[in-house]
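What follows is one structure encoded as structure tokens, with my remarks underneath.
Nothing in this text is a laboratory measurement; each read-out follows from the coordinates by a stated rule. A quick note: this is a predicted structure, and the numbers were derived from the prediction, not measured. Every residue, glycine as well, gets a Cβ built from its backbone with ideal geometry; the counts of neighbours run over all protein chains shown.
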Amino acid sequence: IACSLTTGRIFWVSGPHAGSIHDLQVARNSGFYRKAYNIYRMTGLKIYGDAGYQGASWAILPFTERYGHAVSPQEERYNYAHSGRRIIVEQVFHRLKSFTILRSKYRGRDNYALHSQIFSVICAIFNMDIVGRPLRPAVRPLQTSHTQ
């Protein structure tokens with residue numbers, strides 16, 4: 001899913017995907033990668049992502065250790081601010097898991113179309129629910145600029 005970092009409102013849903021697939025590959029397979037890149041190319045706006053989006057020019061990512069080089073104190077401060085901005089995404093996942101069908105193993109065999117419909121409906125219910133029960137906004141400002 002992709003959601004607003006200010007409200008938590010879900011604006012993009014993809015999946016499900018069979019097996020274990022890397023986040024960046026899911027973005028490519030679903031068309032999100034191309035949409036995010038086009039937005040970046042036309043407006044310069046980037047999307048906050050986690051380390052699973054390494055290599056995406058349109059993503060603002062945390063610093064990671066590279067070939068034995070530890071993350072510097074300045075990079076750690078940046079990562080702290082970055083995680084503070086992304087915390088709303090984790091709040092979205094936490095609230096979605098309040099729906100029992102998402103908290104337990106899906107038993108619909110290989111009926112991925114039905115699972116996708118169920119998930120989309122739950123996301124729509126979630127978007128209606130956050131109007132009355134908003135998520136806590138992120139409060140950590142970014143201290144440095146960062147591009148990878």
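Count the net charge of all other residues whose Cβ sits under 13 Å from the Cβ of Arg133, scoring Lys and Arg as +1 and Asp and Glu as -1. Surrounding charge for Arg133 is +2. Taking the chain as a Gaussian network of alpha-carbon nodes connected by springs under 10 Å, the highest mean-square fluctuation of the residues Tyr33, Tyr78, Tyr106 belongs to Tyr106.
Fully extending the segment from Ala51 to Ser4 would add 15.1 nm, taking 0.36 nm per residue of separation and subtracting the current Cα-Cα distance.
Taking a cut-off of 27 Å, what percent of all Cα-Cα pairs in the range 2-132 are separated by more than that? Looking at the range 2-132, the distances longer than 27 Å represent 28 percent of pairs. This model, with +1 at the C-beta of Lys and Arg and -1 at the C-beta of Asp and Glu, gives the chain a dipole about its Cα centre of some 340 debye.
Working from label points 7 Å from Cα in the Cα-to-Cβ sense, the Tyr67 to Trp12 distance is 3.1 nm. Given R₀ = 35 Å, what would the calculated FRET efficiency be for Val131 paired with Ile21, taking r from the Cβ atoms and rounding to 0.05? Efficiency, rounded to the nearest 0.05: 0.60. Computed extension length for Tyr40-His94: 16.6 nm, one decimal, from 0.36 nm per residue of separation with the Cα-Cα distance subtracted.
For the chain, modelled as a GNM whose springs connect Cα atoms under 10 angstrom apart, the maximal fluctuation among Ser116, Ser72, Ser30 occurs at Ser72.
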